[in-house]
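First up is the structure itself, then whatever we jot down about it.
The values are calculated or read from the model by the stated rules, or taken from the named source; none is laboratory data. Everything numeric in this text was worked out from a predicted model, so none of it was measured. Please note: Cβ atoms are built from the backbone with ideal geometry, for glycine as well, and neighbour counts cover all protein chains shown. These accessible areas exclude ligands, DNA and RNA; they are computed on the full protein's heavy atoms, side chains included. Shrake-Rupley method; radii C 1.70, N 1.55, O 1.52, S 1.80 Å.
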Amino acid sequence: MVLNVGRFYAFEKAHRLDPNTSGRGVHQFKTALLQRLERENDPTLMGRVKKSDAREMQDFYQQYYRKYIQALQNAVDKADRAQLSKAYQTANVLFEVLKAVNLTQSMEVDKEILEAQTNVEEKTKIYVPYNILPLDPDSANQPIMRYPEIQAAVFALRNTRGLPWPRDHKKKKDEDILDWLQEMFGFQKDNVANQREHLILLLANVHIRQFPKPDMQPKLDDRALTEVMKKLFKNYKKWCKYLDRKSSLWLPTIQQEVQQRKLLYMGLYLLIWGEAANLRFMPECLCYIYHHMAFELYGMLAGNVSPMTGENVKPAYGGEEEAFLRKVVTPIYEVIRTEAERSKRGKSKHSQWRNYDDLNEYFWSVDCFRLGWPMRADADFFWWLPIEQNHEKNGDDKPSTGRDKWVGKVNFVEIRSFWHIFRSFDRMWSFFILCLQAMIIVASNGSGQPSAIFTGDVFKKVLSIFITAAILKLGQAVLDVILNWKAQRSMSFYVKLRYILKVVSAAAWVIVLPVTYAYTWKNPPGFAQTIKNWFGNNSNSPSLFILAVVTYLAPNMLVAVLFLFPFIRRLLESSNYRIVMLMMWWSQPRLYVGRGMHESAFSLFKYTLFWVLLIITKLAFSFYIEIKPLVGPTKAIMSVRVTNFQWHEFFPRAKNNIGVVIALWAPIILVYFMDTQIWYAIFSTLFGGIYGAFRRLGEIRTLGMLRSRFQSLPGAFNSCLIPAEKGDVKKGILGFFSRSFPEVPSNKEEKAARFAQLWNKIISSFREEDLIDNKEMNLLLVPYWADRDLDLIQWPPFLLASKIPIALDMAKDSDSRDKELKKRILSDYYMKCAVRECYASFKSIIKNLVHGVREKK
């Protein structure tokens, strides 16, 4: 009867909330519920005991309150807290249905029921839902709340001494600093509850890991507090340093207040993060918000006076309920939502909308402080274009009047072009082109051997590769300007100046290097003679070209030195000194992310060794197999004079069969540029095979090999996934190649249990994916949860299968020769384990069956 009344109330409430049935799944819910009510209405009325639904509901509520809630409250151990919380929630729902039924039938609720419901509502406020830690006053006896580290963190958070509470504040029991932050800044109630548990667990986990161990008294270790604060504010401090701003983390001079102030700063950051929603994808935006709110927090605690109002500093957005969500998060989220709509699911041009990275990059510049605090609604960050305004209507990308205040892209605008193939791998293409030119020169002059490069004329001709490098550098600089043209609106002046100077510098070297190169020859060949005629046919000056080449290569030599010493480059990229920033500015734009991210020297050595060997092999193969064999035929073809071309339109002034030369060299050139992939596949296979052999990858391939090597698996697991003791770690080349795993001794139950949990998880996942059946799973599982009284490591049954019958047959055939039998059993490790486990199991069973001290002896 009560169940049917509840269904009627649920149907009516669903209809009131959504009378038009427009919500998702509402129509199906109403239809199914109505059919159920019509089908069970008559049988329910026949089974009703009381005269009316209201009386029936009151009687059921009283029975539920006495049977469940009072019984759980009067229990000695306070029963299960989750069960008690669920009972209170159920009582609230029953009372809601009871009120609705009484209102329909014009009846008053009994005074006894109202008193019971008042008690339920008070307890419901106390027994709030929680994730891990029950922090209400009645949960102090819960096991997890008895840990000293949890008590220390809770005790530190509840130190609210000296905090300026609002005048209309109603004091509650067990208030902490997060409650004060909620009152002052207007955070959501559930967010405060979640971050309270979050902060307590963070502090407790670090507190228990301190060495030497802190005192067992409930006092939070200052080292733990400092460590957590350092991790939380690592990005914020880095952001302040990057923008050359002082952080808002001001600590008091009184030592007793330092811990409370640190907890306030950490609590404020976690509350901002917990309520930020999609703003979490913009970490520097959160840094901006926290920077201003932390400064307000410092002003309130220090008692500063606002110069605008003449009163004590107060939060800019007030402490009303959900003020932070409505006034800080929502405006920024609206910008994100609008930009996402403008993207048209990624179909719009990349230059016409901003994603999370573009919006976050706005806070990589000091200009972000133009937003102010409170943030100005008319700031350029909050300006967006209407969705209807699209450049494609005009057929060009000219900015319209509506784009004047739109920030747009900040650092990068994607342009889809095949030129990205060259731009993305420009160093590789330039290197291969220069090597091709050098190899052709060496193969075509002198003896045609690589040693010919040391002869004077050949060496001078090889030096012409620097002119080619300058031309390629100019093409790269021009290509950078073209592909970044759409971002020129939002670029800073210094970035634009860098692109212009790159083009001018590259163009200058294209002029300087050929001119100085022409003066290295007395009788320069080809175009060098033309250049010399332009600038005057004076005496040659090789030293001038050498000086120009050294000057041209100076930046590259500096980059090479920094490549060899990555720690120096890491320091330079993270430095804020002006001279260092100027040096690094020329090589790449200064960005907030990606600075100082370099591998270790040993990793760079391995990487460089791999590619040096690969490129030497590739160039040697290309020189001897591809280029040198074509030099002779090319010279022979070019020596034949052709006076009558059939396709003279293509080669109107040609005196040689240049078309045959092009046809001869074209496939070789293509193979030369593409065979690096083949060499990479070969070298990856070789190095991977050698590395895998030393690391013993793929060593266990069959079930027999698994049985023979299973004993070393726990040792391998402990060596790879558990931190080793100091002095046991092998470093350098020996540590890189060495991979020997010791077997776990029989007395290392703890380490074996760690491995057993991981192994069982793997086997259980095999069963969940239906790779094995239940019988196979039971054979493969390690019974680490078995009886600890056995005092031995238990191996999975598939290793011990058939060992006991074989041992019994061996015992029958031993003819009472115990030493020989023992020697044969000990020769098989798993047979020995099976016999020991069988004996220990029988011994444990007999001890449990036999009663009395004398009988057990």
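Odds and ends about this structure:
- Any chance W353 is under 19 Å from N484 (Cβ atoms), surrounded by 14 or more Cβ atoms within 10 Å (Cβ to Cβ) and modelled with pLDDT under 80: yes
- Against the list (1) surrounded by 10 or more Cβ atoms within 10 Å (Cβ to Cβ); (2) touching a helix residue (DSSP H, G or I) at 6+ places or on another chain (Cβ under 8 Å); (3) modelled with pLDDT under 75, the condition W647 fails is (1).
- Boolean, N205 is closer than 30 Å to Q70 by Cα and either open to solvent by 50 Å² or more (accessible area, probe 1.4 Å) or free of Cβ contacts under 8 Å to residues at least 24 places away in the same chain (or both): no
Table: residues versus (1) loosely packed, with under 14 Cβ neighbours inside 10 Å; (2) in a helix (DSSP H, G or I).
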position: L544; (1), (2): no, yes
position: T551; (1), (2): yes, yes
position: E573; (1), (2): no, yes
position: W586; (1), (2): yes, yes
position: R595; (1), (2): no, no
position: F621; (1), (2): no, yes
position: I625; (1), (2): yes, yes
position: L630; (1), (2): no, yes
position: T634; (1), (2): no, yes
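- Residue that is farthest from H207 (Cα to Cα) [pool: residues in segment 140-182 that are among the small types (G, A, S) and surrounded by 16 or more Cβ atoms within 10 Å (Cβ to Cβ)]: A156
- Filter result (outside any helix (DSSP H, G or I) and open to solvent by 50 Å² or more (accessible area, probe 1.4 Å)) within segment 575-584: N576, Y577
- Extreme residue, nearest to the chain's Cα centre (by Cα), among residues of segment 346-376 that are closer than 22 Å to G594 by Cα and without any contact (Cβ under 8 Å) to a residue 12 or more places away in the chain: D357
- Whether a residue is exposed (fewer than 15 other Cβ atoms within 10 Å of the Cβ) and in a helix (DSSP H, G or I) was assessed, and I568 passes this test.
Okay, residues lined up against (1) within 27 Å of I441 (Cα to Cα); (2) at pLDDT below 80; (3) open to solvent by 30 Å² or more (accessible area, probe 1.4 Å):
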| site | (1), (2), (3) |
| --- | --- |
| V458 | yes, no, no |
| K461 | yes, no, yes |
| Y499 | no, no, yes |
| S505 | no, no, yes |
| K522 | yes, yes, yes |
| N533 | yes, yes, yes |
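- Pick from segment 292-326, criterion under 11 Å from F185 (Cα atoms) and either without any contact (Cβ under 8 Å) to a residue 24 or more places away in the chain or of a type in the set (D, E, K, R) (or both), ranking: least open to solvent (accessible area, probe 1.4 Å): E296
- Test result for S451, at pLDDT 65 or above, open to solvent by 40 Å² or more (accessible area, probe 1.4 Å) and among the hydroxyl-bearing types (S, T, Y): yes
- On inspection, L472 fails the criterion of being assigned to a helix (DSSP H, G or I), open to solvent by less than 30 Å² (accessible area, probe 1.4 Å) and touching a residue at least 40 places away in the same chain (Cβ under 8 Å).
- A count restricted to segment 178-190 and to residues that are of a type in the set (S, T, N, Q) and more than 17 Å from Y265 (Cβ to Cβ) stands at 1.
- Any chance Q256 is of a type outside the set (G, A, S), surrounded by fewer than 15 Cβ atoms within 10 Å (Cβ to Cβ), assigned to a helix (DSSP H, G or I) and at pLDDT below 90: yes
- Among residues of segment 107-129 being open to solvent by 80 Å² or more (accessible area, probe 1.4 Å) and not in a helix (DSSP H, G or I), the one that is farthest from V97 (Cα to Cα) is P129.
- Total residues in segment 356-406, condition at pLDDT below 80 and in a helix (DSSP H, G or I): 6
- Test: residue in segment 74-92 that is over 28 Å from N194 (Cα atoms), surrounded by 14 or more Cβ atoms within 10 Å (Cβ to Cβ) and either at pLDDT below 75 or not aliphatic (A, V, I, L, M) (or both): no
- Residue in segment 740-757 that is open to solvent by less than 70 Å² (accessible area, probe 1.4 Å) and modelled with pLDDT of 75 or more present: yes
- Answer residue from segment 164-179, given it is among the hydrophobic types (A, V, I, L, M, F, W, C) and at pLDDT 90 or above and is nearest to R261 (Cα to Cα) among those: I177
- Of all positions in segment 809-829, at least one carries a residue that is closer than 24 Å to S712 by Cα, under 49 Å from the mean Cα position of the chain (by Cα) and modelled with pLDDT of 80 or more.
- Selection count where residues are in contact with a Leu (Cβ under 9 Å, 6 or more places away or on another chain) and of a type in the set (S, T, N, Q), scope segment 650-683: 1
- Residue match in segment 269-284 (condition: modelled with pLDDT under 90 and among the polar types (S, T, N, Q)): yes
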